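The values are calculated or read from the model by the stated rules, or taken from the named source; none is laboratory data. The structure presented is a predicted model; accordingly, all values stated were derived computationally and were not measured. Here the Cβ positions follow ideal geometry from the backbone for every residue, glycine too, while neighbour counts run over all protein chains shown. We work out accessible area using only protein heavy atoms, side chains counted, and drop any ligands, DNA or RNA first. Shrake-Rupley method; radii C 1.70, N 1.55, O 1.52, S 1.80 Å.
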Amino acid sequence: MGLIVFLVLSIGLFVNISPQFGSNPSKEKQAVFKKLPHYSDGKFQNLIPTEMSMDFGKSLRLLPEFFKDDPSRQPDFELPIKKVDSLELVKSPVNKLIWFGHSAFLLQLDGKNILLDPMFGDVPAPHPWLGNERFFDELPIEIEQLPTIDMVLFSHDHYDHLDYESVIRLKSKTKRFFVPLGVGSHLESWGIPSENIQEMDWWDETNFENIQLAFAPSRHFSGRGLTNRFSTLWGSWVIKGENENIYFSGDGGYGPHFKEIGEKYGPFNLALLECGQYNENWKEIHMMPEETAQAGVDIGAEQIMPIHWGAFRLAMHSWTEPVDRLLIKADELGVKVQTPLIGEFFDIQGEKLYDQKWWIKP
């Protein structure tokens, strides 16, 4: 009994003291949220009914499978990561993209440096003991070597997208953070001045330094603690420059919102679409690979790139299954798929097909 009390107290103390958990939206913010059609009973809601929970018994039955020592769930060879020279990031007329694995990107668009879901930490969890480590030891480039960042876009507040340590290292070199409603509370608790944060609702649009942004819906959820699920909003981003139109899906299940986004903001030169960490038990909040290909058709993308894979093990499928299944369905639908190396410069305007199957063991 004493051990149980100790564990409960320790967990409670960790949750309340550790800065990684961030901060819940204030009562003033919640009062504003109550006026929104997709907020009720103190929570944000998806646009269509979305099954979120498994019963306790089912969760227990899945635990052994989740923690099973399956070698196919992570690479058994050193991934061919491209190292990035900071001098190569000097402003140039070429619009390019660099993938850091999972959903993290540096986008250089019209001379601006834009980070998307910059999770640069080793473990997507509030403590190293609570998650699996990244598949590779060194990132293509460290945060300190990056140029001044004009804007950071976050899709939602889960640990594999919004990382406390990364934000701390980025805050002195970032001009503006664009986040879903409520997520600004986390950043403020981590020392980001409120004037450097812009919260956005679904379908909100803004222009920052001649880059047009729109925050669009996704079918997902939020929460960093034990009791604050749905307390902040989640979504996807439309990023439009002078000649390029890019879609970043964030996380989420398949739904009619893709077609709506495509009709409103498409067509897109490139769509960065979630493809990984899925399971039949939670398919309504994480797309299956075949749905990723269909989403590319729905939004009107000239080309798509699978994201949310290649860095962490957060589900029970093999680490290469997402991209392998996607390529089969994309070929069937006539969808062009880009698969650049992690760290490789991806010229958005170029005609090159980045189709190396680098995930196959040499």
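Looking only at residues in the stretch 278-297 that are polar (S, T, N, Q) and open to solvent by 10 Å² or more (accessible area, probe 1.4 Å), which one is nearest to ILE246 (Cα to Cα)?
Narrowing the stretch 278-297 to residues polar (S, T, N, Q): 279, 281, 292, 294.
Keeping just the survivors that are open to solvent by 10 Å² or more (accessible area, probe 1.4 Å) gives 279, 281, 294.
On the way: ASN279: 27, ASN281: 30, GLN294: 17 Å.
Applying the filter and picking the extreme gives GLN294.
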Filter the stretch 218-263 for residues that are touching a residue at least 60 places away in the same chain (Cβ under 8 Å) and basic (Lys, Arg); the one that is farthest from HIS38 (Cα to Cα) is ARG224
Flagged in the stretch 160-176 as over 20 Å from ASP251 (Cα atoms) and out of contact with any Ser or Thr (no Cβ under 6 Å at 6 or more places or on another chain), in numbering order, are GLU165, ILE168, ARG169, LEU170, LYS171, SER172, THR174, LYS175, ARG176
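Do you know which residues across the stretch 244-264 are surrounded by fewer than 19 Cβ atoms within 10 Å (Cβ to Cβ) and either closer than 22 Å to PRO340 by Cα or touching a strand residue (DSSP E or B) at 6+ places or on another chain (Cβ under 6 Å) (or both)?
Going through the stretch 244-264, the residues surrounded by fewer than 19 Cβ atoms within 10 Å (Cβ to Cβ) turn out to be 244, 256, 259-260, 263-264.
Correct list: GLU244 only.
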With the first residue restricted to the stretch 325-336 and required to be without any contact (Cβ under 8 Å) to a residue 60 or more places away in the chain, and the second required to be open to solvent by 50 Å² or more (accessible area, probe 1.4 Å) and assigned to a helix (DSSP H, G or I), Cβ contacts under 6 Å at 6 or more apart or on different chains are LYS329/GLU290; LEU333/VAL297
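Just need a number here: residues in the stretch 117-149 that are of a type in the set (A, V, I, L, M, F, W, C) and over 15 Å from the mean Cα position of the chain (by Cα).
At the first step, the residues of the stretch 117-149 found to be of a type in the set (A, V, I, L, M, F, W, C) are 119-120, 123, 125, 129-130, 135-136, 139, 141, 143, 146, 149.
Now narrow it down to the ones that are over 15 Å from the mean Cα position of the chain (by Cα): 129-130, 135-136, 139, 141, 143, 146, 149.
Looking only at that region, the number is 9.
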Of the candidates LEU213, LEU233, LEU226, LEU273, the one satisfying the condition of being open to solvent by 30 Å² or more (accessible area, probe 1.4 Å) and either under 14 Å from the mean Cα position of the chain (by Cα) or aliphatic (A, V, I, L, M) (or both) is LEU226
Residues of the stretch 68-113 being small (Gly, Ala, Ser) and crowded, with 20+ Cβ neighbours inside 10 Å, in sequence order, are GLY101, SER103, ALA104
When restricted to GLY310, GLY300, GLY343, the only residue within 30 Å of ASP110 (Cα to Cα), surrounded by fewer than 19 Cβ atoms within 10 Å (Cβ to Cβ), in contact with a Pro (Cβ under 9 Å, 6 or more places away or on another chain) and touching a residue at least 12 places away in the same chain (Cβ under 8 Å) is GLY300
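Given the options VAL337, VAL323, name the one that is β-branched (Val, Ile, Thr), out of contact with any Asp or Glu (no Cβ under 9 Å at 6 or more places or on another chain) and closer than 24 Å to PHE268 by Cβ.
Details: VAL337 fails: out of contact with any Asp or Glu (no Cβ under 9 Å at 6 or more places or on another chain).
Matching residue, one of VAL337, VAL323: VAL323.
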Screening LEU170, LEU162, LEU116, LEU153 for residues that are within 16 Å of GLY184 (Cα to Cα), surrounded by fewer than 21 Cβ atoms within 10 Å (Cβ to Cβ) and in contact with a strand residue (DSSP E or B) (Cβ under 9 Å, 6 or more places away or on another chain) leaves only LEU170
With criteria (1) surrounded by 12 or more Cβ atoms within 10 Å (Cβ to Cβ); (2) not in a loop (DSSP other than H, G, I, E, B), GLU65 comes up short on (1)
Counting only residues in the stretch 177-210 that are within 26 Å of GLY253 (Cβ to Cβ) and of a type in the set (Gly, Ala, Ser), the one surrounded by the most Cβ atoms within 10 Å (Cβ to Cβ) is identified as GLY182
Here the residues within the stretch 21-41 that are surrounded by 11 or more Cβ atoms within 10 Å (Cβ to Cβ) and among the aliphatic types (A, V, I, L, M) are VAL32, LEU36
Taking the stretch 316-335 and the residues there that are modelled with pLDDT of 95 or more and assigned to a loop (DSSP other than H, G, I, E, B), the one that is farthest from PHE67 (Cα to Cα) would be GLY334
